[in-house]
Amino acid sequence: MIPLYSNSQIRALDSFAINQLQTSGIVLMENAALGISQAILSKFPSVRSVGIICGKGNNGGDGFAVARHLSNAGLNVKVIYLGDHFSMSEDCRTNFEICQNLAQQRSNLELIQFSSIKQLKNFKYRELIIDAILGSGFSGTLKEPISLIVDELNSINAIKVAIDVPTGLNADTGYGDIIFKSDLTITLGEFKKGLFVCKGYENCGEIILCEIGVGRDFFDSEFTNTFLFEPEDAYQFLPKRGKRINKYSAGKVLTIAGSFQYPGAAVLTAGSTLHSGTGASVLVIPQSVKKFIHKKITELVVQSYGNDDCKFLTPEDYKALESKIKWADVIALGPGIGREEQTIEFVQKFIKKKDFKAAVIDADALFALKDILSKADLRKSILTPHLGEFSNLVNLPVEEIEKNIFEIGSEFAKQYKTILVLKGAPTVTFTSIGEIIINSSGNNGLAKFGSGDVLTGMIAGFYSQSKNLKEAALLSVYIHGLTADLLLGTKTEFGIVATDLIKNIPSTINFIKRSFEKQ
Ligand SMILES: NC(=O)C1=CN([C@@H]2O[C@H](COP(=O)(O)OP(=O)(O)OC[C@H]3O[C@@H](n4cnc5c(N)ncnc54)[C@H](O)[C@@H]3O)[C@@H](O)[C@H]2O)[C@@H](O)CC1
Ligand SMILES: [K+]
């Protein structure tokens, strides 16, 4: 997993370099600018005209230094700068002055002091625009004129590159209101956690790291609880299947999903358990939908509860399911069970009785959990809400959660000693000991009915084999997303549906194995 850091840790690197290593700030800035320029030149070799907009702080200083290097490389560079000589930070001013002196001698470098939004028309025909307005020093909300400038820059059709952090994004929280929308973010020193979630995920484009010339020693001993999941982690978390396993030792899953109204959810959830390697998968559904299910998947053992009129779960059905609940290694509970009052009572009874060894609690079961949350023992559970379901569970508006996703998610998982898989773009998993793991696969083709049901089945399926809650959750989220990514080539994000995901879980596992297994 790739460690991700906070703004204050990056600032600590700064002062480590300056105070302990006695590297001056201007040297760090120069190293950063060289790395940024080289990255731009190698990624966009055909670009000839560049517009750079520089703020007054050190992010702006980086911008002036990059302007110099790109001009040295023969590109035509126009800089619009926001500060004046007196308001700039010291290192920003130094690079501004060098740039100003150079501009007097060169025709391919021009500096314009910002005075009106209209000046941005100078950037209309630039092939590439670099945002060096604000970086890690940004806090609060963007003030005018910067908010207006960012809006205007976002409307220009050019390649966009952000230095360190797109202006307007809080690199600690991943939130912001008006944010520079970049295709490439070249971040300095280390990866910052806010780049990878919520608005960061939406606005950063590709994210690459640029070293500032002081090596990695500082971060080797720096603690973080936040990580980005990598393909290697998926390979490592794949359950090990011994040569002598049988259908029971290869995992027993009981799926309690579906109802007369939503029978498809049962098929998707239980079907996903099978395709993830579970040995014995049993699905329980109301008697009235049994025929429908049997036609869909032959490998499933399907048990029904209630009589022919039974359309949804009730607390009375618990008795009939009790032995199976105790038998299974894990229960996949919730997709499509509906929100009838009696179904809610069933779920509450299920959670209170604690007869299960482990459970993946999703969808309508999360809705039912809300009223008993404070008393629920969720230590052997994985909760898989999307942002809307989580908002209902914790009684906070979605926007509030997005503003503080790391803190709110982490507090919840720690308080209930549970695994929280907060589904979104991207999905973030929180563990009971405070780890935060951001997923790195998936695309918007997953934003469809049924894809959550598939994930629930996969988590139960992988857990039944590995018996490791955290690994099963992370592996499933990653494979779920990667399956959608691998389907992009043929189906596009418009055409991917939940059954495609189920069918392709095995080829995604194969893809991961082939990528890492020794030939
Ligand atoms: N961390 C490091 O090791 C290095 C950092 N460098 C650069 O230094 C940057 C950080 O520099 P600074 O600390 O000077 O900060 P920034 O340059 O990111 O921003 C500082 C400016 O932002 C303004 N500002 C803050 N909040 C605002 C808001 N809501 N609306 C409008 N203006 C606002 C402040 O008034 C100040 O003028 C990094 O992002 C990076 O680009 C590099 O020079 C190289 C080394
Ligand atoms: K920036």
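Quick notes on this structure:
- Which of Lys192, Lys121, Lys448 is most accessible, then next, and so on - probe 1.4 Å: Lys121, Lys448, Lys192
- Only Cα pairs under 8 Å and 6+ residues apart enter the sum, and on that basis the relative contact order of segment 296-385 stands at 29 percent.
- Contact order relative to length of segment 231-516, as percent, for alpha carbon pairs under 8 angstrom and 6 or more apart: 20
- Where Rh is the Kirkwood radius over Cα pairs, Rg/Rh for the chain: 1.07
- A dipole drawn for segment 60-122 from +1 and -1 charges on Cβ atoms has a positive end, and of Leu75, Gly63, Asn95 the residue lying farthest that way is Leu75.
- Spherically averaged projected area in nm², based on the convex hull that wraps the Cα atoms of segment 240-287: 3.4
- Note that segment 278-374 carries a Kirkwood radius of 13.8 Å, evaluated over its alpha carbons pair by pair.
- With Cα atoms defining each centre, segment 1-26 and segment 364-428 are spaced 33 Å apart in the structure.
- The magnitude of the dipole of segment 231-516, with charges of +1 and -1 set on the Cβ of Lys/Arg and Asp/Glu and taken from the Cα centre, is near 1300 debye.
- Structure note, pairs Lys56/Lys181; Lys290/Lys354; Lys121/Lys403; Lys295/Lys423; Lys296/Lys324; Lys290/Lys470: Cα-Cα distances above 25 angstrom occur for Lys290/Lys354; Lys121/Lys403; Lys295/Lys423; Lys290/Lys470.
- Kyte-Doolittle mean at least -1.0 and Cα axial length at least 20 Å: DSSP H helices in the chain: 25-43, 58-72, 90-105, 451-466, 469-495, 498-516
- Loop-located chymotrypsin sites (Phe, Trp or Tyr not before Pro) across segment 50-154 with a Cβ neighbour count of 14 or fewer within 10 Å are Phe86, Tyr125, with loop assigned by DSSP.
- Working from Cα pairs under 8 Å separated by at least six residues, relative contact order for segment 79-188 is 23 percent.
- 18 Å Cα-Cα reach of Lys518 towards lysines, excluding residues that sit fewer than 8 places from it in its own chain: Lys240
- Simple spin-label estimate for Asn395 and Asp177 in nanometres, 7 Å along Cα-Cβ: 2.8
- The charge dipole of the chain, taken about its Cα centre with unit charges on the Cβ atoms of Lys, Arg (+1), Asp and Glu (-1) only, comes to about 1840 debye.
- The ellipsoid equivalent to the alpha-carbon distribution of segment 231-516 has semi-axes of 26, 23, 18 angstrom, derived from the gyration tensor eigenvalues as √(5λ) and listed largest first.
- Each of Asp131, Asp355 has its accessible area taken with a 1.4 Å probe; listed largest first, they run Asp355, Asp131.
- Of the solvent-accessible surface of the chain, computed with a 1.4 Å probe over protein heavy atoms with every protein chain present, carbon and sulfur atoms account for 50 percent.
- Accessible area in the full protein assembly, largest first, 1.4 Å probe, for Phe430, Phe494: Phe494, Phe430
- Radius of gyration, Dmax [segment 268-312; alpha carbons; angstrom]: 10.9, 34
- Sparsely packed chymotrypsin sites (Phe, Trp or Tyr not before Pro) within segment 241-296, loop by DSSP, other Cβ within 10 Å at most 13: Tyr248
- As computed over segment 2-224, the Cα convex hull volume per residue (Å³): 114
- For Lys291, the aspartates and glutamates whose Cα comes closer than 16 Å to its Cα, not counting residues fewer than 8 places off in the same chain, are Glu299, Asp308, Asp309.
The values are calculated or read from the model by the stated rules, or taken from the named source; none is laboratory data. No experiment lies behind these values; they were computed from the predicted model shown. Heads up, the Cβs are rebuilt from the backbone with ideal geometry, glycines too, and the neighbour counts pull from every protein chain shown. Quick note on the areas: whole protein, heavy atoms, side chains included, nothing else; ligands and nucleic acids left out. Shrake-Rupley method; radii C 1.70, N 1.55, O 1.52, S 1.80 Å.
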